[in-house]
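Following: one structure in structure tokens, then a few remarks.
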Amino acid sequence: MKIIIDGYNLMYRVRFKGVTLEQKREEMMDMIKEFLALNPNDVTVVFDASRSISNHRGHQRFGEIKAVFSGPGESADDIIEEMIRNRTGKAREHMVVSSDNRLIKYALEHHFKTMTSDEFAEYLEQE
């Protein structure tokens, strides 16, 4: 399964000990790593980086997890929609995790599986 996660959408549904955004992001990535240890999947987490000083889309790896940070003039939703349009493989082998109704609707129209951020957060906290 290829899972695309709306990063900050999920982050705000889990209680993290970290104070800074960076600390919370690291904690979330650690939770996803624990999930992957028990549930091998291909995971990409997409973050809004609208305040970044970078002039392009950013990419980073957290172990097996791919992270994408939006560039100027684009949102995480824009990137996720692009990933849905440009998918490889069968749609049923992909899932979008978000609580954005418009994004969920778009994913379902393209035959992707979906899960709300609340549902995925609950699942992560049970691991």
>> Around E109, under 15 Å between beta carbons, what's the net of Lys plus Arg minus Asp minus Glu among the other residues?
In response: +2
> Efficiency by 1/(1 + (r/R0)^6): what FRET value for H111 and Y12, r their Cβ-Cβ distance, R0 = 35 Å, to the nearest 0.05?
Replying inline: 0.80
> Whose amide H sits under 5 Å from the amide H of F62, counting only residues 5 or more places off or on another chain, with H placed in the peptide plane?
Replying inline: A67
>> Skipping prolines and chain starts, which residues have an amide H placed within reach, meaning under 5 Å, of the one on V43, given they are 5 or more residues away or on another chain?
In response: I3, K66
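Filter the cross-link list K24/K66; K90/K113; K17/K105 down to pairs whose alpha-carbon distance in this structure exceeds 23 Å.
K17/K105
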> So what's the back-of-envelope 222 nm ellipticity for the chain, counting only DSSP H runs of four-plus at -39500 (n - 2.57) apiece and dividing by all residues, rounded to 500?
Replying inline: -12000 deg cm²/dmol
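We did not get these values from a lab; they are worked out from the coordinates using the rules stated. It should be emphasised that the depicted structure is a prediction, and the values quoted were computed from it without experimental measurement. No Cβ is skipped: glycine too gets one built from the backbone with ideal geometry, and neighbour counts run over all protein chains shown.
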